[in-house]
Every structure is written in structure tokens, then in C-alpha cells.
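See structure below.
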Protein chains: 2
Amino acid sequence: MVRWLELKKDTEYDDVVISSRIRLARNLTKYKFPNSMNSEEAKEISDIFIKAIKNIDENKEFTVVSLKNIDSIDRRVLMEEHLISPELIKNKDISYYIINEKNFLNLMINEEDHLRLQVLLPGFDLHQAFEIAKVTDNKLEENINFAFDKDFGYLTSCPTNTGTGMRASVMLHLPALKLGNYLQGIMDSLAKLGLTIRGVYGEGSDALGDMFQISNQRTLGFSEVEVIDKLENIAIKIIERERNIRRELLGQKSNYLKDKVYRALGTLKYARIISDREALKHLSFLRMGIDLGLYNRLNYNQITNLMLSVQKYNILKYKYSLKSFEEENVLRADYIRDFFEQEEIINE
Amino acid sequence: MVRWLELKKDTEYDDVVISSRIRLARNLTKYKFPNSMNSEEAKEISDIFIKAIKNIDENKEFTVVSLKNIDSIDRRVLMEEHLISPELIKNKDISYYIINEKNFLNLMINEEDHLRLQVLLPGFDLHQAFEIAKVTDNKLEENINFAFDKDFGYLTSCPTNTGTGMRASVMLHLPALKLGNYLQGIMDSLAKLGLTIRGVYGEGSDALGDMFQISNQRTLGFSEVEVIDKLENIAIKIIERERNIRRELLGQKSNYLKDKVYRALGTLKYARIISDREALKHLSFLRMGIDLGLYNRLNYNQITNLMLSVQKYNILKYKYSLKSFEEENVLRADYIRDFFEQEEIINE
């Protein structure tokens, strides 16, 4: 199982919420931003953070990894598991990540900013994620001077992050809102509130697996807690709307919905060749099927884990020496069938 | 199970051959052909055949049915089971069928000709079918004068049947030839030999379920046995070609083929809404899967039976009071799932 998912506790939001994330952008004074620094400066910066982490890492639970020292598949596996960003990979010659043992706390060094501190928790837990981020941030500040302006707050490479430097987000599973074409309307309403929603997998509004991320766009003029409260309230409204439409569909188009859920199950259990796109589509319906009482042999977290694991590089990692695109899809089908065989609870 | 399928014995051709059929066209002297007769003449003709059948029906195994006395769904069920022709339904106000208990021998009265005598046997057994047809035909001729010309043979409503009046056909399951686009070539070769091939289900070259019928086009200038021998020999060549291409596909595109077979199985077992078109497609792949050693929990005959039973009117008959097109597809999915649950042999 993807490590940060192991922290999952059952909550009342498991039918819709996948994860909560806080990212803080911080920069050192007296250094250029990563996009214009040379490799010596990059090294100096990483050394500063590695040293700072050693000072605060009492339980020695952090690992320091240089992006250029791991292979390209492993880099993309980390990205698929939401542990590192595309930007960190782009800067691989100068970038590092410093991650704790359970993978929920991660310092990306020389991403767009000198530091992107990320806390990623399964479930709906933005305040807890912020608490962890803030404690770590404060400890780092005991040893490091972050670029800070009394009027503007934390200074960042991109002005859209200046202020708190905080980006808070929740990942939601919204198959019914997607099916009913409600997302454009939600997108428009959120924009007016300074929030944004986007598909997690796939380009544009494609949103493979019906996974969406809601996050704040404003980082200036509001405290972190204000931003998080607002995001949380809006997320709850969207969760409730998603739930209502699921029930509505089950009431009005019961056979249609059952067909989608059970065909998904049949295909996942029997296919011998399957693309990531198709697998995510079916897993999305199956996840909704749990909520609607149509399926109960895997739980939400197992399906979320499977959705993460069937992505391209996770599959490539599962077994190297692939020769063709078709083999990736064959391997994915094998992986999924094995998963169902091993993990499904027999409760008939 | 469709009754005539119950006669099925295992043979070496079960991987491809579904059934063998002989149809003899016969007409009474002194009567107009059905398309220009009035209802009194039609009644006289049916009386002649009903009386003739009584004379030869020692075991009282024949049933006489007037098409206008059964409801329209039942008429179409008979057609879907290949027991009666569309023409017989078109003439329902004047047409009858006289069928034996096991349904392999059937006299259609006032179809395009006064009599269409049909023998339909499961498997590859044209000579046996012809033998049964000929014996019955001879017995009828003891009491009835059929229109016969010493130069032209039996006279028929449509000149293409004049001569022997015999149409012999075999129904073949040709998924690999269809998948590989070989059928147009076969069609052209057969035409040169006075034979024809056409899809059994669906319009034109659509051929739902990959079921094809090969039959003779010529009825003049050859004896019945010559025609049957030729048809049999050509059918064997096509059967062998189909077998070779199946093995070729399994060797060269093993995953592709397995994916088709197992997805078919998964969808049939899990779908809640399924059209006849889709069900036939999947059943076709599953039937081929038996031959390729990919599936063994139903046998050929059970799948053939299911292919017959999932047709529209068979499904409507399974439960009346349907309100919409969707309900037909829901009922079909229920029927198929029940079938698999009840009939699949557990041999894991």
C-alpha cells in the first residue's frame, strides 16, 4: 500500500474525500530563486536544509534523496503517489526531497521555491495537516531566515504564492457530479470565492477516475486558518451535493447505476489488457458502489490505493523489462486481478 | 433449452458447426401459389396436409398450429429458434406449421410454397437431415400429388427453387474469420461454386454473434446428394480455415484474444443492462474460448442455446409486461446472470 494511505482512519467523509494537503512555500534570504541559480548555489541551499532537518529530526526518521540519484521511473512513481511535484522533477539536477518515514511530511528543495514543505494526510484533515506543517516550519525558522516582508508576508518565486505561502487542498471523488455534468457550475462558483477545482489525473476537464482537487488561490490578505476554514466549509457543501446526486441517481436510474458499478467490477476482475484511463474509470464506479451499498468486498482505502497503483509508472515499477505499450496494459490487468484475488474479503 | 438442441451429440465439429438444415419446397397441382390464393384455397391446402400428416403420424407426435391462433411474440420466438421463416409469419392469416415433438421436423404450410418441409439438426449432419426429409417427403407423396415436371423437377413459386426444391445449409460459428476480415474473400469464392454465405443474425455483413449460414444456390442440374456432398466438403474447408486462424491468433496475439474472451465472460456475468447485439458478441468470444482452452465451465451447446435464448422475443417471452427498451436489456442481463449461476460447472 502507498505509505501515506496507511495512516487512514475511518471517518464520516470516506465516501468522497481522499486526502488533505498543505503546502508552504518558503525561500532563503540572499539566494536567487531556483530557476536562475547555478549548481553551486543549489548545493549550498540543499546543505542548509539538510543541516536544519538534522537539527530537528530527533527520531532520525527523515531520508534525504537527491533527484538525480534515483532513476526516472522512481521519480515518476513518487509523483504519481503525490509525494513530489512535476517541477521538482524538472529541476532534478539541483533538487532534493527530505521525507519522513511515513511519507506524510516532505520537504521539496529547489522546486519553484527553495522550499516547498508538504504535509499530505489521507482523509479530511486540513487542520491537522496545517498543524504539522506549521510546527515543522517553526522549527526550521529557529535555524533559517526565510525571506519575509512585514507588508507582503513570505516572499515567493511566483507572486501568486506571496503572503502566507500556503496552498491548502482536498482531493475529492466526485463521480456523480461528473456524470451529471455539474462540475462547470461548481468551477464557476468556486472561482468567485477565490478557490479552484481541477481534475487530478488527466489533462483539462478530463479528470480520469473522477478525482478532483479543490484548493485556495489567494495567499494574501487572509490568515492560514481563515483559508482552511473556508476551504473546509465549501468542501463539505460539495461533498453533500455529491452524496445527494448519488442517491438521486440510485433512486431514478437504479439499473443504469448498478450496470456501471457491476460492469466495472466484471471488467476489472476479468480483463487481460487494460489502460490506466479505463482502469481509473472502473475503479471510480466501484468506489461509488461501496457508498451505494452495491459492493462491499473492498473498502474505500483499498480502492484509493489501487487507483494510485495502476498509474503508468507504478505499473512499470511493478515489473521492468517492458517491451511495448501493450505489455504495460497487460501487466496492469494482471496486477488488478491479483489485487482482487488477494484483497477481496469473501463475505457471501 | 431450445428443443432441437437437446438432440445434440458430441462430434469433432462442435467447435465451429451449430446446425444442419434441409428445406424442401413442394407444391400441390391445381392450386395457385400462396401469394395469390384466397383464404378458402388456403384452408383446403392446409386440410390436405393435415390429413396427410395424420395418415403417416403413427406415434401421434405431430402438432398442428395455425399462425393466426398464436400471439405475435410466440410467432417471433419460433422464428428466432429457426423453426419457422419470416415468410410464414407474413402469411399468418393462411399459414400453418406442423411440427414433431422434438422440433427437428417441421412442415410449413402456405409459406412461399404450399409446403416447405424443414429438417433442422444440431451439429454437422446434412446427410441424416436429408434422409429424414426424404422419408417424410416420400410418405407424403403416397397421398399427395406434388407439382413435378419431368424436365424441370419440382415446380416452385420462385424459379430459383425449381428442380430438387432443396435448400441445404449449415450454420457455422466463424469468429476468427470475421475478426481477420476473411469473409468477403470466402463469399466471393463460394459464389463461384454456386454456394452462398450470409450472417444469421443482423442485417447485411453485420453478422451478430459471428454466426454464418452456408447454403446452395443451385437447385437445378444436380442431385440432392451431389449438392450436399459439395456443401459438406466446402464447409469442412471453411471449418479448418477458422480453426487455423484461431490457433494463429492464440499464438501471435495471445493477450489480445484472452482479453476478448475473459472480458466477454466478465461482462456477461456482471452486466445489469445488455443489448442482444452486445450479448451475442460476448457469447461468440466465449464460445471460441472453449475451443482455445480458455474457458470450460459451459459447453458448446449451452452457449449455442444461450445465443438463441437472448434474442429479443425469447427475452420478451421470458417475462411479459415490459415497458421500455431498457427493461428488455435489464431482463436479458438478469437472464444471462441466472444462466451462468445455474449452469456453470464449478471445476476450479
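Take B:Arg246 and tell me if it is more than 14 Å from chain A (Cβ to nearest Cβ), at pLDDT 95 or above and crowded, with 20+ Cβ neighbours inside 10 Å. Judged against the criteria, B:Arg246 is a match. Condition first: among the small types (Gly, Ala, Ser), within 21 Å of A:Ala264 (Cβ to Cβ) and within 27 Å of the chain's Cα centre (by Cα). Now tell me which residues in region B:240-285 satisfy that. Those that are among the small types (Gly, Ala, Ser), within 21 Å of A:Ala264 (Cβ to Cβ) and within 27 Å of the chain's Cα centre (by Cα): B:Ala264, B:Ser275, B:Ala279. Condition (residue is within 14 Å of chain A (Cβ to nearest Cβ), open to solvent by less than 50 Å² (accessible area, probe 1.4 Å) and assigned to a helix (DSSP H, G or I)) applied to region B:295-310: is it met by at least one residue? Scanning region B:295-310 turns up no residue that is within 14 Å of chain A (Cβ to nearest Cβ), open to solvent by less than 50 Å² (accessible area, probe 1.4 Å) and assigned to a helix (DSSP H, G or I). Which ones in region B:176-197 are open to solvent by 40 Å² or more (accessible area, probe 1.4 Å) and aliphatic (A, V, I, L, M)? B:Leu179, B:Met187, B:Ala191, B:Leu193, listed by residue number. Among the residues of region A:177-200, the one identified as among the hydroxyl-bearing types (Ser, Thr, Tyr), closer than 18 Å to A:Val227 by Cα and over 20 Å from the mean Cα position of the chain (by Cα) is A:Ser189. Scanning region A:165-175 turns up no residue that is in contact with a Gly (Cβ under 9 Å, 6 or more places away or on another chain), among the polar types (S, T, N, Q) and buried (at least 21 other Cβ atoms within 10 Å of the Cβ). Candidates are the residues of region A:271-286 that are within 12 Å of chain B (Cβ to nearest Cβ) and assigned to a helix (DSSP H, G or I); the one that is most open to solvent (accessible area, probe 1.4 Å) is A:Glu278.
Taking region A:198-234 as the search range and keeping residues that are outside any helix (DSSP H, G or I), aliphatic (A, V, I, L, M) and modelled with pLDDT under 95, which one is surrounded by the fewest Cβ atoms within 10 Å (Cβ to Cβ)? Spell out how you get there, then give the answer.
Within region A:198-234, the subset outside any helix (DSSP H, G or I) is A:198-207, A:211-223.
Next cut, aliphatic (A, V, I, L, M) only: A:200, A:207, A:211, A:214, A:220.
Subset that is modelled with pLDDT under 95: A:200, A:207, A:220.
On the way: A:Val200: 20, A:Ala207: 22, A:Leu220: 14.
Checked region A:198-234; the qualifying residue surrounded by the fewest Cβ atoms within 10 Å (Cβ to Cβ) is A:Leu220.
Per-residue answers, yes or no, for (1) without any contact (Cβ under 8 Å) to a residue 24 or more places away in the chain; (2) more than 30 Å from A:Leu294 (Cα to Cα); (3) out of contact with any helix residue (DSSP H, G or I) (no Cβ under 7 Å at 6 or more places or on another chain); (4) aliphatic (A, V, I, L, M):
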{"residue": "B:Glu226", "(1), (2), (3), (4)": "yes, yes, yes, no"}
{"residue": "B:Arg246", "(1), (2), (3), (4)": "no, yes, no, no"}
{"residue": "B:Leu283", "(1), (2), (3), (4)": "no, no, no, yes"}
{"residue": "B:Gly293", "(1), (2), (3), (4)": "yes, yes, yes, no"}
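Checking each residue in region B:3-21 for being open to solvent by less than 10 Å² (accessible area, probe 1.4 Å) and assigned to a loop (DSSP other than H, G, I, E, B) picks out only B:Val16. Residues in region B:250-260: is at least one farther than 27 Å from B:Leu126 by Cα, more than 14 Å from chain A (Cβ to nearest Cβ) and in a helix (DSSP H, G or I)? Yes; the residues of region B:250-260 include at least one that is farther than 27 Å from B:Leu126 by Cα, more than 14 Å from chain A (Cβ to nearest Cβ) and in a helix (DSSP H, G or I). Taking the stated definitions as given, is A:Leu268 outside the structural domain of A:Phe124 (by TED's automatic domain parsing), part of a helix (DSSP H, G or I), within 25 Å of A:Glu328 (Cα to Cα) and of a type outside the set (Ser, Thr, Tyr)? It is true that A:Leu268 is outside the structural domain of A:Phe124 (by TED's automatic domain parsing), part of a helix (DSSP H, G or I), within 25 Å of A:Glu328 (Cα to Cα) and of a type outside the set (Ser, Thr, Tyr). Being part of a helix (DSSP H, G or I), surrounded by 19 or more Cβ atoms within 10 Å (Cβ to Cβ) and free of Cβ contacts under 8 Å to residues at least 40 places away in the same chain: is that true of A:Arg263 here? It is true that A:Arg263 is part of a helix (DSSP H, G or I), surrounded by 19 or more Cβ atoms within 10 Å (Cβ to Cβ) and free of Cβ contacts under 8 Å to residues at least 40 places away in the same chain.
The values are calculated or read from the model by the stated rules, or taken from the named source; none is laboratory data. Bear in mind that the values here come from a model prediction, so they are computed numbers and not experimental data. Glycine also receives a Cβ, built like all others from the backbone with ideal geometry; neighbour counts cover every protein chain displayed. Each accessible area value is taken on the protein alone, full model and side chains, heavy atoms only, with ligands, DNA and RNA left out. Shrake-Rupley method; radii C 1.70, N 1.55, O 1.52, S 1.80 Å.
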